[in-house]
Amino acid sequence: MVSGPPQKVQVFSLGRSRPGAERARRRYYVKWRVDGRDRAPSFKTRAEADRFRSSLLVAVQNGERFDHRLGG
């Protein structure tokens, strides 16, 4: 495990694409911030996005370090 200074990690609620987007093009976004750098991958379904967000929250709770290059 890599040690170092504590990281500040924020995980935000799910976001959705612009209103009025066609159902086939609708995407759900999971946004999180590690030491001031934002990441926001998109997912096709809300369930996928929610699963990914849950895994981020578990990692934060367990004190895992996030890679600055990859964001996760």
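The values are calculated or read from the model by the stated rules, or taken from the named source; none is laboratory data. Small disclaimer: the values here were computed from a predicted structure and weren't measured. Don't worry about glycine lacking a Cβ; one is built from the backbone with ideal geometry, like all the others, and counts go over all protein chains shown.
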**OP:** Would you mind telling me which numbered condition in (1) charged (D, E, K, R); (2) modelled with pLDDT under 85; (3) loosely packed, with under 13 Cβ neighbours inside 10 Å residue 8 fails?
**Re:** (2)
**OP:** Could you list, in sequence order, all residues of segment 44-58 that are buried (at least 16 other Cβ atoms within 10 Å of the Cβ) and more than 17 Å from residue 9 (Cα to Cα)?
**Re:** 49
**OP:** Confirm whether residue 20 is within 13 Å of the chain's Cα centre (by Cα), among the small types (Gly, Ala, Ser) and at pLDDT below 90.
**Re:** no
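Which members of segment 34-47 meet the condition of being under 14 Å from the mean Cα position of the chain (by Cα), in a loop (DSSP other than H, G, I, E, B) and among the charged types (D, E, K, R)?
35
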**OP:** Could you give me the residue pairs with C-beta distances under 6 Å whose first residue belongs to segment 44-55 and is free of Cβ contacts under 8 Å to residues at least 60 places away in the same chain, whose second residue is part of a loop (DSSP other than H, G, I, E, B) and among the hydrophobic types (A, V, I, L, M, F, W, C) wherever it lies, and which are 6+ apart or on separate chains?
**Re:** 49/14; 49/30; 52/30; 53/30
Original post:
Quick one: what pairs do we get from segment 8-33, first residue under 10 Å from residue 44 (Cα atoms) and in a helix (DSSP H, G or I), second modelled with pLDDT under 90 and not hydrophobic (A, V, I, L, M, F, W, C), C-beta under 8 Å, 6+ apart or different chains?
Top reply: 25/17
**OP:** Taking residue 61 as meeting all but one of (1) over 10 Å from the mean Cα position of the chain (by Cα); (2) surrounded by 10 or more Cβ atoms within 10 Å (Cβ to Cβ); (3) modelled with pLDDT of 90 or more, write down the number of the exception.
**Re:** (2)
